[in-house]
Amino acid sequence: MYIGEYLLWFGNSIKKETRKRLEMSYSSSDMKLSEVEKDWTKASVSNNPRAIGPYYAYNDRYLEIRGGMFENFRGILTWISLLIFLIPITSSFYVLIIFFKINNNQWDADKIGSGIFAMIVFAIISLILIYLYVRYFRYVYRLELFTVRHIRVRFNRVTRQV
């Protein structure tokens, strides 16, 4: 969710010169200047709002929420990142198992080449994936830190203040 919102924001906020340099075309979802200049704080969204998530209470005066509508999915990035981190860990584990079997003469002597080949393949997989995780994936799983949990937000509908 957060990645999608970030990519939508990033795509719509790129300057015209940067778009030309990157050869990106405008999509139909880009806002026109008149839409940007319009005062959207005065427009009413709904006369009878419905709770689409963990709202505590709402009436004509205020709307009180707890952290957002997808708060119950918070923590899923942690589990997904742990699952993804299991790939280089298990391949490193296989490298060690094959190495110790070859070193202790428990590996079949006729198949020593396949053992060394498997060890090299698993080592390459784990090194490449560890590099990619350290270099790029840390930005993805840190997005979860920006979610707010168990903080009540009260929006006053009359004064339009939080």
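Any read-out appearing in this document is the output of simple, stated calculations on the displayed coordinates, not a laboratory observation. Owing to the predicted nature of the structure, the values given are computational and were not obtained by experimental measurement. Here Cβ is always computed from backbone atoms with ideal geometry, including for glycine, and neighbour counts include all displayed protein chains.
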note = Fewest-first ordering of Val158, Val153 by Cβ atoms within 10 Å yields Val158, Val153
request  = Kindly put Lys111, Lys101 in sequence by how many other C-beta atoms sit within 10 Å of each C-beta, fewest to most.
outcome  = Lys111, Lys101
request  = Using 0.36 nm per residue of separation minus the Cα-Cα distance, give me the extension gain between Ile14 and Val134 in nm, one decimal.
outcome  = 40.5 nm
key: FRET efficiency estimate (nearest 0.05) - Cβ-Cβ, Gln106 to Thr78, R0 30 angstrom   = 0.20
